[in-house]
1. If you take the residues of region 3-29 that are in a strand (DSSP E or B) and either out of contact with any strand residue (DSSP E or B) (no Cβ under 9 Å at 6 or more places or on another chain) or at positive phi (or both), which of them is farthest from the ligand (Cβ to nearest atom)?
2. Among the residues of region 62-118, which ones are of a type in the set (A, V, I, L, M, F, W, C) and under 14 Å from Ile5 (Cβ atoms)?
3. Given the condition without any contact (Cβ under 8 Å) to a residue 40 or more places away in the chain, within 16 Å of the ligand (Cβ to nearest atom) and under 16 Å from the mean Cα position of the chain (by Cα), answer yes or no: does some residue in region 75-96 qualify?
4. Having 2 or more residues that are open to solvent by 40 Å² or more (accessible area, probe 1.4 Å) and at pLDDT 95 or above is the bar; report the strands (runs of 3 or more DSSP E) wholly within region 30-144 that clear it.
5. Residues to consider are Asp124, Asp66; find the one that is farther than 23 Å from Phe17 by Cα, among the acidic types (Asp, Glu) and touching a Ser or Thr at 6+ places or on another chain (Cβ under 9 Å).
Amino acid sequence: MDFEILDLRKIGGDEGFLVPIEENGDIPFAIKRVYYIYGTPSDVVRGRHAHKNQHQLLFCPIGQCDFILDDGREKTTLRLDSPDRGLYIKGVLWREFTNFSADCVVMVLSSECYDENDYIRNYDDFLQYTAHLSHNPQPQGNRP
Ligand code: TYD
């Protein structure tokens, strides 16, 4: 599946830690947008979409939650529970986030600005889109 878990660069020790994230260095894309999600009740399921042309790094600087990733053939669940562990999504993956701790903050660094046209929000459309991709491995559009 087209994602990686990144161990983020952690600087420090007894006096605490600092995690720097530089575009095209610590992460393999240029950052056009940063957003974060907080105050989510534990049992809410967020996400429920895929992006067509976007790379993202997601991590929880505070708290923890589960990420369910689906490439149209298989699903995997990951728990992000450390401020120095990131989920780098580079492929067209359906994603859902749930089981939020009360303090959870999900930070997202994205290769693209917000564009509703980049979303696939219907699961059947996602399956159709990924089936098309598996026959035509080059994604449509300006994928970084
Ligand atoms: P959405 O991406 O669906 O959130 P989630 O995946 O966390 O459930 O976005 C929720 C709303 O916020 C939707 O109306 C679009 C808007 N939005 C922006 O305006 N800018 C952004 O950068 C993002 C990510 C969302």
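The values are calculated or read from the model by the stated rules, or taken from the named source; none is laboratory data. Just so you know, these numbers come straight off a predicted model, no measurement behind them. Neighbour counts are summed over all protein chains in view; Cβ atoms, including those assigned to glycine, are modelled from backbone coordinates with ideal geometry. Calculation scope for accessible area: heavy atoms of the full protein, side chains included, ligands and nucleic acids excluded. Shrake-Rupley method; radii C 1.70, N 1.55, O 1.52, S 1.80 Å.
1. To start, the set of residues in region 3-29 that are in a strand (DSSP E or B) comprises 3-7, 11-13, 16-18, 23, 27.
From what's left, either out of contact with any strand residue (DSSP E or B) (no Cβ under 9 Å at 6 or more places or on another chain) or at positive phi (or both): 12-13, 16.
Details: Gly12: 30, Gly13: 34, Gly16: 29 Å.
The selected residue is Gly13.
2. Phe67, Leu69, Leu78, Leu80, Leu87, Ile89, Leu93
3. Yes, region 75-96 has at least one match.
4. 33-38, 46-51, 56-62, 75-80
5. Among Asp124, Asp66, only Asp66 is farther than 23 Å from Phe17 by Cα, among the acidic types (Asp, Glu) and touching a Ser or Thr at 6+ places or on another chain (Cβ under 9 Å).
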